[in-house]
Ligand code: UDP
């Protein structure tokens, strides 16, 4: 659990095996928790990452793929967020990701560490085969929460704020399939191995869906009624985050396979069936 900041453990691992690169997924990721407990976020996401980078340098590993986030941008200043967009995070989670991006620029210039920062918008979906999916404790993300209300594992889903500056008042996000994100990581690592140099890419579908639209899609995909409660805004939530991913398509050759929200939700629903089965809830065929 604490391996990221455990220098002795990293030294043993890096010493024992030959690594051509590192993919770093080991951050804390909940916006609300980062507001309530920023120390936890700075300790793991920033200090832990610096420990990892220093261990990599000592062992001659100079290629890193870093899971960054749309949260580094803050409130959007134009409709789609490209890489040139101002970086002005509005919550501690986003600030920790931006600090690491800056650290990587400095480590690149001074020590030759090559990195690709992949700024995920809303990672969602599950492996279409139904064998791999997300399982957080507690689960905070919208799509799994909506689907657990559909399966009966949860009584209802709460909509966090209906007075945002968006067409239906609920937050708009860009949901990108987890397998498409996997593809981007492989392409990014290959580009570093080919001498492509450090870079940063925004990864999303370029389509924004409101919380209410996600719930509507989930009702259509599952055929279930999904009880909804309207609640207060969640602190630190930007109203709208939608990616411009042209650079990733052009420079990495990234081509997302699952661009329809229906497919993303359908794959997550299959996975919800696995989770609900473990809890003894019956799922439809
Ligand atoms: N959201 C919601 N109810 C929930 C969970 C999330 O209304 O139970 C909203 C949240 O406020 C945000 C969007 O759904 O606008 C996506 O939230 P999520 O936590 O999935 O990802 P984030 O955008 O925070 O990375």
Qualifying residues in the stretch 1-22 (those that are crowded, with 17+ Cβ neighbours inside 10 Å and touching a strand residue (DSSP E or B) at 6+ places or on another chain (Cβ under 7 Å)) - the one farthest from residue 44 (Cα to Cα): 21
Selection status of residue 60, at pLDDT 95 or above, assigned to a loop (DSSP other than H, G, I, E, B) and under 22 Å from residue 186 (Cα atoms): yes
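Determine whether residue 52 is surrounded by 16 or more Cβ atoms within 10 Å (Cβ to Cβ), assigned to a helix (DSSP H, G or I) and over 18 Å from the mean Cα position of the chain (by Cα). Let's see the steps before the verdict.
Numbers: surrounded by 16 or more Cβ atoms within 10 Å (Cβ to Cβ): yes; assigned to a helix (DSSP H, G or I): yes; over 18 Å from the mean Cα position of the chain (by Cα): yes.
Considered against the rule, which asks whether it is surrounded by 16 or more Cβ atoms within 10 Å (Cβ to Cβ), assigned to a helix (DSSP H, G or I) and over 18 Å from the mean Cα position of the chain (by Cα), residue 52 comes out as yes.
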In the stretch 109-134, residue nearest to the chain's Cα centre (by Cα) [restricted to those that are within 27 Å of residue 242 (Cβ to Cβ) and assigned to a loop (DSSP other than H, G, I, E, B)]: 121
Cβ-Cβ under 7 Å pairs, at least 6 apart or on other chains, the stretch 119-147 side under 19 Å from residue 226 (Cα atoms) and at pLDDT below 95, far side within 8 Å of the ligand (Cβ to nearest atom) and not in a helix (DSSP H, G or I): 140/30
Among the candidates 198, 210, residue that is touching a strand residue (DSSP E or B) at 6+ places or on another chain (Cβ under 8 Å) and within 11 Å of the ligand (Cβ to nearest atom): 210
Exclusive hit being assigned to a helix (DSSP H, G or I), out of contact with any helix residue (DSSP H, G or I) (no Cβ under 6 Å at 6 or more places or on another chain) and within 16 Å of the ligand (Cβ to nearest atom), set 74, 32: 32
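State all residues of the stretch 146-159 that are within 8 Å of the ligand (Cβ to nearest atom) and surrounded by 17 or more Cβ atoms within 10 Å (Cβ to Cβ); if no residue qualifies, say none. Even if it seems obvious, please write down each step before you answer.
Filtering the stretch 146-159 down to residues within 8 Å of the ligand (Cβ to nearest atom) leaves 146, 157-159.
Across the stretch 146-159, the qualifying residues are 146, 157, 159.
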Residue list for the stretch 161-212, restricted to those being in a strand (DSSP E or B) and within 17 Å of the chain's Cα centre (by Cα): 172, 173, 175, 176, 177, 200, 201, 202, 203, 209
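So, in the stretch 160-173, how many residues would count as being near the ligand (Cβ under 6 Å from one of its atoms) and surrounded by fewer than 23 Cβ atoms within 10 Å (Cβ to Cβ)? Please lay out each step first, then the result.
Initially, the stretch 160-173 is screened for residues near the ligand (Cβ under 6 Å from one of its atoms), giving 160, 171, 173.
With the extra rule that they be surrounded by fewer than 23 Cβ atoms within 10 Å (Cβ to Cβ), the set shrinks to 160.
Adding up the residues that qualify gives 1.
The values are calculated or read from the model by the stated rules, or taken from the named source; none is laboratory data. From a predicted model like this one, the values you see are computed outputs, not experimental measurements. Glycine also receives a Cβ, built like all others from the backbone with ideal geometry; neighbour counts cover every protein chain displayed.
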